[in-house]
1. Report the relative contact order of the range 19-82, percent, no decimals, based on alpha-carbon pairs under 8 angstrom and at least 6 residues apart.
2. Restricting to DSSP H runs of at least four residues, report the calculated mean residue ellipticity at 222 nm for the chain, -39500 (n - 2.57) per run over all residues, nearest 500 deg cm²/dmol.
3. Taking only Cα atoms, what is the 0 to 90° angle, nearest 10, from helix 36-47's long axis to the longest principal axis of the chain?
4. Which angle between 0 and 90 degrees, to the nearest 10, do you get for helix 86-97 versus the longest principal axis of the chain when only C-alpha atoms count?
5. From the list [x] 7.3; [y] 10.7; [z] 8.1, can you say which value of mean projected area of the Cα convex hull in nm² was derived from the structure given?
6. Figure the gain on full extension for residue 5 and residue 52 (residue separation times 0.36 nm, minus the Cα-Cα span) and round it to one decimal in nm.
7. Suppose a student asked you for the relative contact order of the chain, using Cα pairs under 8 Å spaced at least 6 residues apart; what percent would you report?
């Protein structure tokens with residue numbers, strides 16, 4: 001029998017390895033060999049957030065890393081981390097970090113981020 005922690009460790013690894021892909025709860029659950037509903041419950045009880053919130057947070061953190069480490073434009077970065085629309089990316093980014101991607105890129109010392117979970 002696989003423990004809850006082993007399942008969640010595998011899920012987190014899968015998410016991290018595929019963070020720039022389109023990730024659905026159904027796909028993630030299939031990789032963990034459990035139902036989407038059971039995975040959602042496990043994740044929420046353990047991390048006090050949904051899988052979608054975790055994935056979105058990790059995608060935005062990856063985008064922030066790309067903003068600081070490359071000169072790529074915001075639209076390309078949004079697409080690279082799995083957002084289909086730049087406007088949705090900018091709204092999510094501002095909600096997460098309190099700045100737009102353009103404003104964040106101009107910060108002399110970057111912005112402090114806290115990993116989800």
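We did not get these values from a lab; they are worked out from the coordinates using the rules stated. It should be emphasised that the depicted structure is a prediction, and the values quoted were computed from it without experimental measurement.
1. 38 percent.
2. Working: 7 runs with 78 residues, N = 117.
That comes out to -20500 deg cm²/dmol.
3. That works out to roughly 70 degrees.
4. Rounded to the nearest ten degrees, it is 80.
5. Correct label is [x].
6. 15.0 nm
7. Details: 102 pairs, mean separation 26.4, N = 117.
23 percent.
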